[in-house]
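First comes the structure, then the notes that go with it.
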Amino acid sequence: MFKEDLLKGKRILVTGGGTGLGKEMASHFASHGAEIFICGRRENVLEETAHELEKKYKTKVHYSTLDIRDSKDVDSYIQTIFDTGPLDGLVNNAAGNFISPTKDLSPKGFDAISNIVFHGTFYVTHAVGKRWIEADHKGSIISILATWVWTGSPFVVPSAMSKTGLHAMTQSLAAEWGPYNIKVNAIAPGPFPTKGAWDRLNPNGSDDKNLESTPLGRVGEMSELQNLATFLMADGCDYLTGQTIAIDGAQYLTGGGTFSGLGKLSDDDWDQIRSMIKSANNKDKADRKV
Ligand code: HXC
């Protein structure tokens, strides 16, 4: 979809880039010439991913363990990167989530998620953004959110609350940091199955029926998400900022309309409905005096 050297010369950090969506986006950036930085809590997966991508795409891939919940560790990690040169892009991908009835959550359970998603993402964004501003360096930020930022979502309340906060951060910083040539966008992916997310959000496979009811009748293909992230990371669309872009096959919109369920009706059902409506109309017409 893009020319091979689209991201050549760019240095991009993907938090949680060792696995899942983060690894997929890091791979795509690497395949388009970017130098990659990945961080996360598990050294073995980071090391494996870094070696795999370096070998495959012949580009530099740096890795480091980091828990983004620790603001001091975040700041010193970002400083070590900037000591070797500024980043050009940041993908806030690291997250934590699990499904649970909200009444059964302990305060520690709430904190486990909100400290990663809400606090940790801010720490990284702040550490990178302030250095860009100081160095007068152009930058692009993408945060991986969810369509829950518009609808809320039962059973994942700490994540929905935290990601909605990051949606507000995206809009707010686009305005505040626009003058510094920093664009701030977000992607709200629908169902893109990855092991990390599906183990925690669909552990018994019960979501399959929901997926069939998405207008496109399927889950997302990783290349579709990769293309959107690369588009937002590249030069050439700098006027696009402050946006959270859903890529979900219109799944979340089907939940919003009163008549969303009608997508399941057959032509025969519709014939029957049309004739029922027509006879109701005809009855009304017959009663009219004017
Ligand atoms: C209820 C739970 C729980 C569960 C953990 N807790 N799992 N409570 N139901 N299933 C509670 C624990 O009991 C404990 O509270 C508290 O949370 C902290 O648990 P720890 O395991 O000690 O936390 P920690 O090691 O910090 O791990 C954080 C985590 C974990 C969020 C719980 O799942 C994690 O590290 N996840 C990272 C990867 C991930 O989640 N990926 C999916 C992202 S999907 P008590 O009080 O008992 O001590 C995503 C959106 C996808 O972000 C959108 C798709 C459409």
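The values are calculated or read from the model by the stated rules, or taken from the named source; none is laboratory data. This structure is a prediction, so every number in the text was calculated from the model and none was measured. So basically every Cβ, Gly included, is an ideal-geometry build from the backbone, and we count neighbours across all protein chains shown.
Miscellaneous remarks
- Qualifying helices (runs of 4 or more DSSP H) (wholly inside region 219-290; at least 1 residues being more than 19 Å from the chain's Cα centre (by Cα) and crowded, with 16+ Cβ neighbours inside 10 Å): 251-256
- Residue match in region 69-79 (condition: among the charged types (D, E, K, R) and touching a residue at least 60 places away in the same chain (Cβ under 8 Å)): no
- Taking each residue of region 106-131 that is touching a residue at least 60 places away in the same chain (Cβ under 8 Å) and more than 15 Å from G16 (Cα to Cα) and looking for partners that are assigned to a helix (DSSP H, G or I) and more than 7 Å from the ligand (Cβ to nearest atom) with beta-carbon atoms closer than 8 Å, six or more apart or interchain, yields V128/I78.
- Identity of the residue in region 123-145, among the hydrophobic types (A, V, I, L, M, F, W, C) and within 16 Å of the ligand (Cβ to nearest atom), that ends up farthest from Q243 (Cα to Cα): V124
- Selection count where residues are near the ligand (Cβ under 8 Å from one of its atoms) and not in a loop (DSSP other than H, G, I, E, B), scope region 99-109: 4
- Yes/no for S114 being among the polar types (S, T, N, Q) and either in contact with a Cys (Cβ under 6 Å, 6 or more places away or on another chain) or closer than 25 Å to I12 by Cα (or both): yes
- Subset tally (residues that are farther than 17 Å from S114 by Cβ and either near the ligand (Cβ under 9 Å from one of its atoms) or of a type in the set (G, A, S) (or both)) for region 158-192: 10
- Matching residues, region 57-98, being within 14 Å of the ligand (Cβ to nearest atom) and in contact with a Lys or Arg (Cβ under 7 Å, 6 or more places away or on another chain): T65, D67, N97, F98
- Only listed residue being more than 19 Å from the chain's Cα centre (by Cα), modelled with pLDDT of 95 or more and not in a loop (DSSP other than H, G, I, E, B), chosen from A127, A160, A186, A168: A127
- Some residue of region 41-59 being more than 20 Å from the chain's Cα centre (by Cα), β-branched (V, I, T) and farther than 19 Å from Q226 by Cα: yes
- Taken together, P203, P215 contain a single residue that is in contact with a helix residue (DSSP H, G or I) (Cβ under 9 Å, 6 or more places away or on another chain), modelled with pLDDT under 95 and either over 28 Å from G129 (Cα atoms) or away from the ligand (no atom under 13 Å from the Cβ) (or both), which is P215.
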